[in-house]
1. Within segment 358-390, can you find the residues that are surrounded by fewer than 17 Cβ atoms within 10 Å (Cβ to Cβ), over 18 Å from residue 319 (Cα atoms) and in contact with a helix residue (DSSP H, G or I) (Cβ under 9 Å, 6 or more places away or on another chain)?
2. How many of the residues making up segment 374-400 are part of a helix (DSSP H, G or I) and free of Cβ contacts under 8 Å to residues at least 40 places away in the same chain?
3. Hey, can you tell me all the residues within segment 50-70 that are assigned to a loop (DSSP other than H, G, I, E, B) and out of contact with any helix residue (DSSP H, G or I) (no Cβ under 6 Å at 6 or more places or on another chain)?
4. Which one of the conditions (1) assigned to a helix (DSSP H, G or I); (2) closer than 21 Å to residue 189 by Cβ does residue 134 fail to meet, given that it meets all the rest?
5. Quick check on segment 71-89: of everything there that is part of a strand (DSSP E or B) and under 19 Å from the mean Cα position of the chain (by Cα), which residue is nearest to residue 354 (Cα to Cα)?
6. When you scan segment 374-391, do you find a residue that is closer than 22 Å to residue 335 by Cα, touching a strand residue (DSSP E or B) at 6+ places or on another chain (Cβ under 6 Å) and outside the structural domain of residue 173 (by TED's automatic domain parsing), even just one?
7. Mind listing whichever residues of segment 341-352 are in contact with a helix residue (DSSP H, G or I) (Cβ under 8 Å, 6 or more places away or on another chain) and assigned to a loop (DSSP other than H, G, I, E, B)?
8. Quick one: which residue in 161, 183, 188 is farther than 16 Å from residue 58 by Cα, at pLDDT 95 or above and either in a loop (DSSP other than H, G, I, E, B) or not assigned by TED's automatic domain parsing to the domain that holds residue 53 (or both)?
């Protein structure tokens with residue numbers, strides 16, 4: 001016990017000491033503007049090659065830059081690359097780099113001064129992603145897409161060239177991912193495995209201190225290259241990240257003014273904070289602001305089409321369609337999610353994507369009479385003769401699945417819920433041992449292709465957990481990959497979505513939304529459908 005108390009005391013002192021990192025020597029000076037937020041999951045690495053989880057992605061975005069970035073409308077914008085062009089055949093991407101962008105100051109550079117970034121740094125960073133020895137979870141972004149001989153090259157210090165093996169229009173969106181952040185070779189070589197905690201990038205902030213599983217402290221990069229209307233970015237002088245695993249505890253810290261921002265909803269406090277319409281309650285409006293926006297995540301119930309054969313009720317397309325018509329998504333969202341999210345009454349690709357068009361892609365709505373008609377046409381009037389269906393889910397979605405299955409029971413469709421651990425469920429989905437399962441799909445980049453790849457028959461599981469196999473869908477998918485005209489590509493996306501609605505390999509549930517809480521003193525927070533926390537323009541009064 002004494003050892004534990006001693007350790008706790010030392011750790012607490014270290015946190016307090018680091019909090020003072022941002023204080024001024026002169027007590028008469030204005031208190032520095034520090035933005036404080038919570039991540040309920042700890043950061044595991046500050047290396048962009050391992051920016052897989054949201055916690056890692058957010059911090060990596062503070063520390064590094066890629067060639068490109070997304071604005072809040074999910075449009076691709078310049079970052080390290082000030083301009084780019086794509087060859088007529090869609091195979092070669094040429095990027096003109098910003099000049100005089102510097103890496104953070106560090107001892108690995110001569111005299112400790114960060115050197116200027118050059119095109120060879122991009123070549124090194126991208127080769128590192130696909131290096132098997134690095135074993136980056138982001139290696140898939142280039143797999144099967146880049147030229148086998150010379151995919152990355154520096155034409156000169158300020159020009160980087162990427163060459164593909166086949167046209168792939170979503171590549172620009174992929175290059176905005178944090179996996180593609182640019183690193184300095186000498187820093188990676190010098191620190192080796194410890195580069196994960198010595199991140200030398202070009203981003204708006206640089207690392208001050210990281211106390212793993214406790215807190216992380218960043219300070220403003222005074223040499224940052226981006227500006228806004230002539231003003232240097234970022235605006236705040238520092239960032240403190242807390243790692244409080246319990247969201248309700250983090251909320252209490254927010255209410256006490258000890259942190260400025262947190263994300264996510266839990267049933268333990270949702271009703272305390274939000275009305276049934278998804279608005280911040282009156283009692284909280286004096287001190288807090290609530291920010292909600294589309295989040296590129298589609299929630300669904302998946303059907304393994306390989307096992308949907310024989311006597312399985314799910315083998316019948318009209319039964320699958322009846323299931324889609326047979327429950328009230330809008331009521332479900334009001335009752336269980338306080339209006340956060342939108343009923344999936346269109347296709348599989350969600351709201352927030354530029355191609356989303358519910359007029360061109362009308363989907364399922366609550367029509368119990370239509371559901372009963374389809375059951376009768378399938379030979380199961382009022383569900384008579386249908387075998388019970390087993391639905392796999394984890395405990396986090398038990399209330400949602402219970403709501404749906406009770407409405408299906410009114411139609412005569414018996415669905416039993418089996419609770420399994422999340423890891424077990426994913427394993428069974430991969431091994432084709434889950435005939436009917438609850439799942440979700442989050443976009444890796446802002447293009448509907450990221451969702452349609454789930455239904456391409458040549459893809460394994462993941463991502464094709466439903467084992468959907470449709471030649472017409474495959475043809476359209478392949479055609480869309482090489483289509484550079486956005487309007488024509490979107491038309492193909494809409495046709496693919498309509499086919500998924502017709503064949504119903506999934507039960508469409510809802511399109512997600514982000515849920516962000518911040519103190520009233522915070523301004524400049526971005527709203528974006530990839531749920532990225534961009535702190536370049538954030539201000540704290």
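The values are calculated or read from the model by the stated rules, or taken from the named source; none is laboratory data. Note that the structure is predicted; figures quoted are calculated from it, not measured. Virtual Cβ from ideal backbone geometry, glycine too; neighbours counted across all protein chains shown.
1. 360, 362
2. 7
3. 52, 53, 65, 67
4. Checking residue 134 against (1) assigned to a helix (DSSP H, G or I); (2) closer than 21 Å to residue 189 by Cβ, the one that fails is (1).
5. 76
6. yes
7. Within segment 341-352, 341, 344, 345, 346, 347, 348, 349, 350 qualify.
8. Step by step, each of 161, 183, 188 is checked, and only 183 is farther than 16 Å from residue 58 by Cα, at pLDDT 95 or above and either in a loop (DSSP other than H, G, I, E, B) or not assigned by TED's automatic domain parsing to the domain that holds residue 53 (or both).
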